[in-house]
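Below: the structure, in structure tokens.
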Amino acid sequence: MSVRKLLMILYRCCIVAFLALVVVATLTEMAMAWVWLPAAIVVAIALGMSRKARAEQAQRPPTVEVDAPVTGRWSALNSPADKVPSHGTHAYGQTYAIDIVADPEAEGGVENGAEKGVEGGAEKGADNGARPPFRWLWPIVRRNSDFPAFGAPLLSVADATVVHASDSQRDHLSRNSLPALVFMLLIEGAVREISGASRIVGNHIVLDLGDGTYAMYAHVQRGSLAVREGDRVLAGQQLARCGNSGNSSEPHVHFQLMDGPDLDAARGIPFRWRGVGVPRNGEAFTAGEQALPAV
């Protein structure tokens, strides 16, 4: 087990210890110094790992070119083309990660490969297939079927081997209103952080692309896996479908390359999508052709 992995385990244990000691100190006359000790360790680990990650960032790994993980018209969020680390943290191999949301033409239909169809009996996309906007108050949450990304095929970005594939976690309702977002950031996110990487990324797939490069797809739709661990897959082959599991505000694709399969120990690797590049925040792009059938 790597030092990085051990530090992440210690980090979570200290968060749990801090919360437990807060409760104990509230009910007893325990000295507050004991309460703040695990909190200090958490801060020290976070600062130390961040400093080490910044030092490693000075020696940026070579960019790896792969195919896009989707087809159709999408828009980028939290892109490494705008800032690094793209998600504000180097943890979980996210240094160069990107989020993308389906962005079909306003006319809807099948234009540019963004289908407005039926998934599991529910219409994909709200009304004309457009992505619902963020709301300050109401509706607080939305059904996943209101979002055009939900159920979209996720494709292998290269010939690869599946080293991890899970799809048992539920697809929760959206968090794209201010009350729901506050809940996600302050309460739900903290609980998921304590629970471990798998609760942050939700259902996910990890592919071994060879040469020490691994691709990770997060927030996969529950029950949508078309592959299993150990399978060899071809570039363009369907792996699963886009969902809203884990620490996610709405159905979207979170994609990243990293140098190992363990999210607690992995470091991010820069990527570039063939024919697309690395889209900036808010930039719409159209990727690929029709997906290869799942085998």
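The values are calculated or read from the model by the stated rules, or taken from the named source; none is laboratory data. None of the values given here were measured: they were computed from a predicted structure. Glycine gets a Cβ as well: all are built from the backbone with ideal geometry, and neighbour counts include every protein chain shown. All accessible areas refer to the heavy atoms of the entire protein, side chains included, with ligands and DNA or RNA removed. Shrake-Rupley method; radii C 1.70, N 1.55, O 1.52, S 1.80 Å.
Does any residue of segment 154-164 turn out to be at pLDDT 80 or above, within 20 Å of G72 (Cβ to Cβ) and in a strand (DSSP E or B)?
Checked segment 154-164: at least one residue is at pLDDT 80 or above, within 20 Å of G72 (Cβ to Cβ) and in a strand (DSSP E or B).
Picking from P153, P148, which residue would you name as being open to solvent by 40 Å² or more (accessible area, probe 1.4 Å) and in contact with a strand residue (DSSP E or B) (Cβ under 8 Å, 6 or more places away or on another chain)? Give the steps one after another, and end with the answer.
Details: P148 fails: open to solvent by 40 Å² or more (accessible area, probe 1.4 Å).
On inspection, the qualifying residue turns out to be P153.
I'd like to know if segment 236-252 contains one or more residues that are surrounded by fewer than 18 Cβ atoms within 10 Å (Cβ to Cβ), touching a residue at least 60 places away in the same chain (Cβ under 8 Å) and of a type in the set (A, V, I, L, M).
no
Among the residues of segment 165-181, is there at least one that is basic (K, R), assigned to a helix (DSSP H, G or I), modelled with pLDDT under 95 and more than 24 Å from W273 (Cβ to Cβ)?
No, because not a single residue in segment 165-181 is basic (K, R), assigned to a helix (DSSP H, G or I), modelled with pLDDT under 95 and more than 24 Å from W273 (Cβ to Cβ).
Hey, among the residues in segment 209-235 that are of a type in the set (D, E, K, R) and touching a residue at least 12 places away in the same chain (Cβ under 8 Å), which one's surrounded by the most Cβ atoms within 10 Å (Cβ to Cβ)? Let's see the steps before the verdict.
To start, the set of residues in segment 209-235 that are of a type in the set (D, E, K, R) comprises 211, 222, 228-229, 231-232.
After this cut, where a residue has to be touching a residue at least 12 places away in the same chain (Cβ under 8 Å) as well, the list is 222, 228-229, 231-232.
Details: R222: 20, R228: 10, E229: 12, D231: 17, R232: 13.
This residue is R222.
From R241, R222, which residue is basic (K, R) and in contact with a strand residue (DSSP E or B) (Cβ under 9 Å, 6 or more places away or on another chain)?
R241
Are any residues in segment 62-78 of a type outside the set (D, E, K, R), open to solvent by 10 Å² or more (accessible area, probe 1.4 Å), over 15 Å from P104 (Cα atoms) and not in a loop (DSSP other than H, G, I, E, B), and if so, which ones?
Those that are of a type outside the set (D, E, K, R), open to solvent by 10 Å² or more (accessible area, probe 1.4 Å), over 15 Å from P104 (Cα atoms) and not in a loop (DSSP other than H, G, I, E, B): V64, L77.
Kindly indicate whether A53 is assigned to a helix (DSSP H, G or I) and closer than 26 Å to G260 by Cα.
yes
For segment 215-231, how many residues meet the condition of being assigned to a loop (DSSP other than H, G, I, E, B) and closer than 14 Å to Q169 by Cα?
6
Considering segment 180-192 alone, what residues qualify as being among the small types (G, A, S) and open to solvent by 30 Å² or more (accessible area, probe 1.4 Å)?
The answer is A190, and nothing else.
Could you tell me which numbered condition A190 fails, if it satisfies all but one of (1) part of a helix (DSSP H, G or I); (2) under 20 Å from W138 (Cα atoms)?
(2)
Please find, among V35, V42, V16, the residue that is open to solvent by less than 30 Å² (accessible area, probe 1.4 Å), assigned to a helix (DSSP H, G or I) and either within 30 Å of I269 (Cα to Cα) or touching a residue at least 40 places away in the same chain (Cβ under 8 Å) (or both).
Step by step, each of V35, V42, V16 is checked, and only V42 is open to solvent by less than 30 Å² (accessible area, probe 1.4 Å), assigned to a helix (DSSP H, G or I) and either within 30 Å of I269 (Cα to Cα) or touching a residue at least 40 places away in the same chain (Cβ under 8 Å) (or both).
Out of S195, S177, S166, report the one residue that is open to solvent by 50 Å² or more (accessible area, probe 1.4 Å) and among the polar types (S, T, N, Q).
So the residue among S195, S177, S166 that is open to solvent by 50 Å² or more (accessible area, probe 1.4 Å) and among the polar types (S, T, N, Q) is S195.
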